[in-house]
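A.B. asks: Pasting a structure here, questions to come.
The values are calculated or read from the model by the stated rules, or taken from the named source; none is laboratory data. Remember, predicted model here, so these are calculated numbers, not experimental data. For neighbour counting, all protein chains shown are included, and Cβ atoms are generated from backbone atoms with ideal geometry for every residue, glycine included.
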Amino acid sequence: MNIASQADARIERVFVRSGQPIRAGQLLARLDREMLAAVVRQAQADLEAAKAALERARAELLLAQGQAVAEAKKAQASIKSARTSVALARTESTRRAVSGSEQIRQARAQLAQARAEMEVAEIDRPELIAQARAELAEAEAIAQKAQNDLARYSHLFEMGFISASTFENARSALDIANARLAVARERLKRVESASQEKLVEAARQRVASAEAALALALASQFETTYSRQQISLRQAEVEKALAELEGTSAVWANIKMKQEDIAAAQAQVEGAKAARAAARKALAESDILSPVAGVVVAKFVNPGELASRGEPLFLVLDQSKPCWIRAFFSERRIARIRPGQPARITINAYGRRVFQGRIEAIGEVAATGNPSAAGQTSRERPTGSAAEIAVRIGFDSQELRMIPGLSAKVRVRVR
């Protein structure tokens, strides 16, 4: 049985010699504990560094996730704001287009009316006064009718025969009629009190004012073009905000990298833990003990030498197990030998003493002691001679001090 070192360390002391009988658990050698303790300290330092790296990776991931969420929210807010601006710009453009057209129409109507009034103002004063009085009479009639209709609709509304909207329309019609009546009265008063020249001048001023209003309304068409430009600008802002949102994909890719960094750091922590556990185990096993009782067949190390993990330090014969002998028989005789056959063994080191044994295996198993291993199964002889086949023979020798390599003579009883 090979007894090996469980760590890479210097041999501090060796307590046995070759050929020495030993008991199970006996101290065979001791490794340098200070050297092993230094390995433990280094493993602990490596573990702490790996844990710190893991914490840094986790912190960086949290930071990257926070930045990604913030940038995504910012981009979404920008998109929402830009789209709202586009909607408002379109609404304003529509409003200005509709309002501009209506203003032009009204300005043209006012200009036509002002020009008509100027033409009227240029008529003789008596005829102008008569026309104003006729307009006043017509306005009074319309106002009276509206008053009567409101009174009638008010009664019907109280009785529930008409809707509120119909009643409100009647009230609005009265307000309009009263306003027209006030204008007619003011015009008659102005015509009766003013001279022909003042009436004509006032009419000309109204024409000029109406022409200025029409020019202003026509100019508003350019504002509509400006509104369309604003729509284009706001749409460009939307496209920019969408591009920024697409840009956050790079941030999410960075997050994935951070997650991979965490996985790698976690693996390093686990590796450092395993290394620390191995170092602690090596320190705990710095005393090399024999697992069995037996004899130190060979000693491969001396104090001060360096031992490597798994390197054999001692070869110990385990006397608690039955011994076996490997013998070679010619191929002419091997056909008559079978497992289980008895054998007589004489070991030269013990004189004429005979031991009883039994055939255990023939061929490869006998040569290697391991059915799955490849090894010597035969021993070649000179050309023209028959080969020899290995045979394994087991026997009990617990009362003897057996040493591997002793020579023996074997006789097998065959039928």
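A.B. asks: Please go through the range 120-158 and give me each residue that is surrounded by 12 or more Cβ atoms within 10 Å (Cβ to Cβ) and at pLDDT below 75, ordered by number.
C.D. replies: If the condition is that a residue be surrounded by 12 or more Cβ atoms within 10 Å (Cβ to Cβ) and at pLDDT below 75, then VAL120, ALA121, GLU122, ILE123, ARG125, LEU128 are the ones that fit.
A.B. asks: Looking at ALA275, ALA282, ALA253, which is the one that is more than 30 Å from ARG58 (Cβ to Cβ) and in a helix (DSSP H, G or I)?
C.D. replies: Step by step, each of ALA275, ALA282, ALA253 is checked, and only ALA282 is more than 30 Å from ARG58 (Cβ to Cβ) and in a helix (DSSP H, G or I).
A.B. asks: Now, a different point. Which of the residues belonging to the range 39-53 are surrounded by 18 or more Cβ atoms within 10 Å (Cβ to Cβ) and either out of contact with any helix residue (DSSP H, G or I) (no Cβ under 8 Å at 6 or more places or on another chain) or closer than 12 Å to ARG280 by Cβ (or both)?
C.D. replies: If the condition is that a residue be surrounded by 18 or more Cβ atoms within 10 Å (Cβ to Cβ) and either out of contact with any helix residue (DSSP H, G or I) (no Cβ under 8 Å at 6 or more places or on another chain) or closer than 12 Å to ARG280 by Cβ (or both), then VAL39, VAL40, ALA43, LEU47 are the ones that fit.
A.B. asks: Determine which single condition SER5 fails, assuming it passes every other condition in (1) among the hydroxyl-bearing types (Ser, Thr, Tyr); (2) surrounded by fewer than 16 Cβ atoms within 10 Å (Cβ to Cβ); (3) under 30 Å from VAL295 (Cα atoms).
C.D. replies: All conditions pass for SER5, except number (2).
A.B. asks: Only one of these is crowded, with 18+ Cβ neighbours inside 10 Å and at pLDDT 80 or above: ARG276, ARG280. Name it.
C.D. replies: Of ARG276, ARG280, the one residue that is crowded, with 18+ Cβ neighbours inside 10 Å and at pLDDT 80 or above is ARG276.
A.B. asks: Quick test for you: out of ILE288, ILE255, pick the one residue that is within 58 Å of the chain's Cα centre (by Cα), of a type in the set (Val, Ile, Thr), more than 30 Å from ARG413 (Cβ to Cβ) and at pLDDT below 85.
C.D. replies: ILE255
A.B. asks: Of the residues that make up the range 315-322, is at least one in contact with a helix residue (DSSP H, G or I) (Cβ under 8 Å, 6 or more places away or on another chain), surrounded by 13 or more Cβ atoms within 10 Å (Cβ to Cβ), modelled with pLDDT under 85 and assigned to a loop (DSSP other than H, G, I, E, B)?
C.D. replies: no
A.B. asks: Another question, if that's okay. With modelled with pLDDT of 75 or more, assigned by TED's automatic domain parsing to the domain that holds SER85, buried (at least 18 other Cβ atoms within 10 Å of the Cβ) and assigned to a helix (DSSP H, G or I) as the only criterion, which of ALA170, ALA182 stands out?
C.D. replies: Result of the check over ALA170, ALA182: ALA170.
A.B. asks: Mind telling me which of the residues ARG333, ARG344, ARG326, ARG309 ends up being assigned to a strand (DSSP E or B) and farther than 14 Å from LEU406 by Cα?
C.D. replies: Values: ARG333 fails: assigned to a strand (DSSP E or B); ARG326 fails: farther than 14 Å from LEU406 by Cα; ARG309 fails: assigned to a strand (DSSP E or B).
So the residue among ARG333, ARG344, ARG326, ARG309 that is assigned to a strand (DSSP E or B) and farther than 14 Å from LEU406 by Cα is ARG344.
A.B. asks: Looking at (1) closer than 13 Å to ILE288 by Cβ; (2) outside the structural domain of VAL292 (by TED's automatic domain parsing), can you tell me which one ALA38 breaks?
C.D. replies: Checking ALA38 against (1) closer than 13 Å to ILE288 by Cβ; (2) outside the structural domain of VAL292 (by TED's automatic domain parsing), the one that fails is (1).
A.B. asks: Can you confirm whether ARG17 is closer than 30 Å to GLU311 by Cβ, more than 34 Å from the chain's Cα centre (by Cα) and not in a loop (DSSP other than H, G, I, E, B)?
C.D. replies: In short, no.
A.B. asks: Looking only at the range 342-385, count every residue that is modelled with pLDDT under 60 and not polar (S, T, N, Q) and tell me the total.
C.D. replies: Summing the residues that are modelled with pLDDT under 60 and not polar (S, T, N, Q) in the range 342-385 gives 13.
A quick yes/no check of all residues on (1) free of Cβ contacts under 8 Å to residues at least 24 places away in the same chain; (2) closer than 30 Å to ALA236 by Cα:
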| position | (1), (2) |
| --- | --- |
| ILE3 | no, no |
| ALA7 | no, no |
| VAL14 | no, no |
| GLU34 | yes, no |
| ARG41 | yes, no |
| ALA52 | yes, no |
| ARG58 | no, no |
| ALA70 | yes, yes |
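A.B. asks: SER249 passes all but one of (1) over 30 Å from ASP8 (Cα atoms); (2) surrounded by fewer than 16 Cβ atoms within 10 Å (Cβ to Cβ); (3) at pLDDT 70 or above; which number fails?
C.D. replies: All conditions pass for SER249, except number (3).
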